[in-house]
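The values are calculated or read from the model by the stated rules, or taken from the named source; none is laboratory data. Keep in mind that this is a model prediction, so the values were computed, not measured. Reconstructed Cβ throughout: ideal geometry from the backbone, glycine too, with neighbour counts over all protein chains shown. Ligands, DNA and RNA are excluded from the accessible area calculation, which covers all protein heavy atoms including side chains. Shrake-Rupley method; radii C 1.70, N 1.55, O 1.52, S 1.80 Å.
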Amino acid sequence: MESSNMWDAEWDITEKVASEIISSQFPQLASKTVKKLGYGWDNTVFLVGDKYVFRFPRRKVAIKSLYIEGKILPHLEEYIPIPYSKPLFFGVGGSDYPAPFLGYPYINGKFPMGLADGQRVLSVKALAHFLRKLHSFPVQKAQEYGIQHDHRNLTDISQRKRKMHSFMSNLATHLNEKEQRTIKDYLERLTIERVESKHVFLHGDLHFKNILVDEKGLVSGIIDWGDMNIGHPACDLSIGYSFLPPHARSDFFEQYGGVEEETKILARLIAVYIPILILMQAVDDRDETVAAEAKTTIMRALAD
């Protein structure tokens, strides 16, 4: 049976199979327990003991990205001032599971779900500094590691709008009247069709399921680097809208430095577009917690 959704798995992997594969390829981990933590669009994630996390692709499209992660992430330490997923174990596919996989140190923290505005503001400086450093990584060097230019064509705002209108019809029963009206009003006001292309090295997928925070709410880690690409900084600067409350954004953009109005327009669009995709998957998975956070994120991004 063919997949009907963009996020559907092409193959699944159980805790038992993951444990057997990890033990056979990395005997030093054979005594460790293996626990499934969850999954995203591209990978299933397992906690191994209490020190490591392993990511196994669940779609073929993720395999190339995983290879690139393995090559470039170990070399980014001086450009990433926040703990991040630097691979330590490089697994290969076999008869029980066909794809390569990676293992990383476990980063303490939790997803920033349900945080108060006061907690979110604590990370303004850390996030701005992180992105300023990350975006300074030489583009030519990134290309040498296999990083591609933006495959999602995110500068095409008119295309995002068309897709969002179709998503809204699918989500009509999962958004209340105020939420629907807020999103529709925003799309009606958004008249710009495309922004000028820019080329910086990006994480590419900064949202609340790829960010970790500590017990105070301060950002403690950045995970899932599978969508690294060369593209418009707005793709990452979208966290200024999705993660931060309105009154903290000017400080965030000032500390990052040199953010034009056109960049802010695209950043806000992405801050709405990506959570809508997360909401659609959460609805399909019947994950009410993630769905609620996705809706809250959308409304935060659209608040002034």
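Residues that are at pLDDT below 95 and open to solvent by less than 60 Å² (accessible area, probe 1.4 Å) number at least 2 in the following helices (runs of 4 or more DSSP H) confined to segment 105-179: 157-170. Among the residues making up segment 273-294, those that are open to solvent by less than 50 Å² (accessible area, probe 1.4 Å) and not hydrophobic (A, V, I, L, M, F, W, C) are Y273, P275, Q281, E293.
For (1) under 14 Å from P112 (Cα atoms); (2) open to solvent by 10 Å² or more (accessible area, probe 1.4 Å); (3) touching a Gly at 6+ places or on another chain (Cβ under 7 Å), each residue gets a yes or a no:
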{"residue": "L190", "(1), (2), (3)": "no, yes, no"}
{"residue": "E193", "(1), (2), (3)": "no, yes, no"}
{"residue": "F201", "(1), (2), (3)": "no, no, no"}
{"residue": "G204", "(1), (2), (3)": "no, no, no"}
{"residue": "W225", "(1), (2), (3)": "no, no, no"}
{"residue": "M228", "(1), (2), (3)": "no, yes, yes"}
{"residue": "P245", "(1), (2), (3)": "yes, no, no"}
{"residue": "G258", "(1), (2), (3)": "no, yes, no"}
{"residue": "A271", "(1), (2), (3)": "no, no, no"}
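If you check S31, S19 for being open to solvent by less than 90 Å² (accessible area, probe 1.4 Å) and at pLDDT 95 or above, only one passes: S19.
The rows are residues; the columns are (1) part of a loop (DSSP other than H, G, I, E, B); (2) modelled with pLDDT of 95 or more; (3) under 11 Å from the mean Cα position of the chain (by Cα); (4) not β-branched (V, I, T).
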{"position": "G217", "(1), (2), (3), (4)": "yes, yes, no, yes"}
{"position": "G221", "(1), (2), (3), (4)": "no, yes, no, yes"}
{"position": "G226", "(1), (2), (3), (4)": "yes, no, yes, yes"}
{"position": "I230", "(1), (2), (3), (4)": "no, yes, no, no"}
{"position": "C235", "(1), (2), (3), (4)": "no, yes, yes, yes"}
{"position": "G240", "(1), (2), (3), (4)": "no, yes, no, yes"}
{"position": "R249", "(1), (2), (3), (4)": "no, yes, no, yes"}
{"position": "F253", "(1), (2), (3), (4)": "no, yes, no, yes"}
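For R55, the criteria (1) open to solvent by less than 90 Å² (accessible area, probe 1.4 Å); (2) more than 17 Å from the chain's Cα centre (by Cα); (3) closer than 25 Å to N229 by Cα; (4) at pLDDT 90 or above hold in every case but one, which is (2). Within segment 59-95, the only residue that satisfies the criterion of being small (G, A, S), surrounded by 14 or more Cβ atoms within 10 Å (Cβ to Cβ), in contact (Cβ under 8 Å) with a residue 40 or more places away in the chain and part of a loop (DSSP other than H, G, I, E, B) is S85.
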